[in-house]
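**Q** Have a look at this one.
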Amino acid sequence: MILFLNDGKVSEQEGIDTLRKLRENIGKEEVTAVNMTGVVDWYKTHRALEEANALVLACNVSMGGIPADILRFLETVEQAVIEGESIPGKFYAILYTDLYEGEQTSVAMGILKSFCCHANITWGRGLGIGGSNMAAVKKPSFFPLFCNKSKARAAVNHLSVPIIEHALYIREHMQGLDHFISPQGVSKDRYMRRVNYYARKNHRIKIAHD
């Protein structure tokens, strides 16, 4: 059984349904999903942790940090291990960041590895995905590149192969080197300009509403 842990915000990234893609390529193994930021049924979660062959965590990270509510979830899991719970499954991470480079998730990846060390869980593999705010640049009127549909699909679907590859590691319960990817078909300068533009615009709208 595979336990899929998510923060409730990454069920869909750039047109890729992460959980669906993983299920398609993991095979017939059962997948149980838990939203770490919602109301957690800890009795069922502890039982799932004991039975899982793999734990897959997917979340958005900001400035290299893990969100506080997810840290609280992991601390509860660590405490359960200290009190005698058994977690035999390997730990796999899928981390998204609005920043362009997937390597910007490496600090958060280190935090998760530290958690695995303290909770006596084997680290499997991490996948860091940069440029998760592609919606900000997918505007043909501002970004002519995306007028070309084939290029648009290439830029949107660049996650398919890494997620499928990651799923194979999970399916076979293998360990591997962490992998980091950045957007394809869009330059860093253009991506950051559009993200910053929409961040400022949304901030102005929020102030106006307040």
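**Q** Search the structure for amide H atoms under 5 Å from the amide H of TYR96, placed 1.01 Å from N in the peptide plane, and list their residues when 5 or more places away or on another chain.
**A** Under 5 Å from the amide H of TYR96: CYS59, ASN60, VAL61, ILE129.
**Q** Which ³J(HN,Hα) values, rounded to whole Hz and listed in residue order, are derived for the stretch 84-96 from phi using the Karplus coefficients 6.51, -1.76 and 1.60 in 6.51 cos²θ - 1.76 cosθ + 1.60 with θ = phi - 60°, glycine and proline given as x?
**A** With coefficients 6.51, -1.76 and 1.60, one gets x, 5, 10, 10, x, x, 6, 9, 10, 10, 10, 10, 10 Hz.
**Q** Dipole of the stretch 13-94 (Lys/Arg Cβ +1, Asp/Glu Cβ -1, origin at the Cα centre): which of ASN25, SER62, ASN35 lies farthest to the positive side?
**A** Positive-most Cα among the choices belongs to ASN25.
**Q** Probe 1.4 Å, all protein chains in place: accessible area of ARG23 in Å², nearest 10?
**A** So the heavy atoms of ARG23 present about 110 Å² to solvent.
**Q** From the protein chains alone at 1.4 Å, what is the descending order of accessible area for TYR43, TYR197, largest first?
**A** Numbers: TYR43 160, TYR197 70 Å².
The residues order as TYR43, TYR197, largest area first.
**Q** Report, by chain and number, residues whose modeled amide H sits under 5 Å from the one on TRP123, excluding near sequence neighbours (fewer than 5 apart, same chain).
**A** PHE91
**Q** Now, a different point. Using the Karplus curve 6.51 cos²θ - 1.76 cosθ + 1.60 with θ = phi - 60°, work out ³J(HN,Hα) for each residue of the stretch 101-115 in order, rounded to whole Hz, and write x for Gly and Pro.
**A** For the stretch 101-115, the Karplus-derived couplings read 7, x, 4, 5, 8, 5, 5, 4, 4, x, 4, 5, 5, 5, 4 Hz, x marking Gly and Pro.
**Q** Which ³J(HN,Hα) values in Hz, rounded to whole numbers, follow from the phi angles of the stretch 41-48 under the Karplus curve 6.51 cos²θ - 1.76 cosθ + 1.60, where θ = phi - 60° and Gly and Pro get x?
**A** Per-residue couplings from phi come out as 7, 5, 4, 5, 5, 4, 5, 5 Hz.
**Q** Once amide H atoms are placed 1.01 Å from N in the peptide plane, what residues at a sequence separation of 5 or more from HIS179, or on another chain, have their amide H within under 5 Å of its amide H?
**A** Here GLY126, LEU127, GLY128 satisfy the definition.
**Q** Roughly how big is the stretch 68-108's charge dipole about its Cα centre, with Cβ charges of +1 (Lys, Arg) and -1 (Asp, Glu), in debye to the nearest 20? The partial results should precede the final answer.
**A** Working: 2 positive and 8 negative charges, 27 e Å.
Computed about the Cα centre, the dipole is about 120 debye.
**Q** How big is the dipole moment of the stretch 1-94 about its Cα centre under a simple scheme where the beta carbon of each Lys and Arg is +1, that of each Asp and Glu is -1, and everything else is neutral? Debye, nearest 20, please. Kindly include the intermediate steps, with their values, before the conclusion.
**A** Numbers: 9 positive and 15 negative charges, 41 e Å.
So the magnitude is around 200 debye.
The values are calculated or read from the model by the stated rules, or taken from the named source; none is laboratory data. These numbers were taken from a predicted model, which means no experiment stands behind them. No Cβ is skipped: glycine too gets one built from the backbone with ideal geometry, and neighbour counts run over all protein chains shown. The area values use the complete protein model at the heavy-atom level, side chains included, leaving out ligands, DNA and RNA. Shrake-Rupley method; radii C 1.70, N 1.55, O 1.52, S 1.80 Å.
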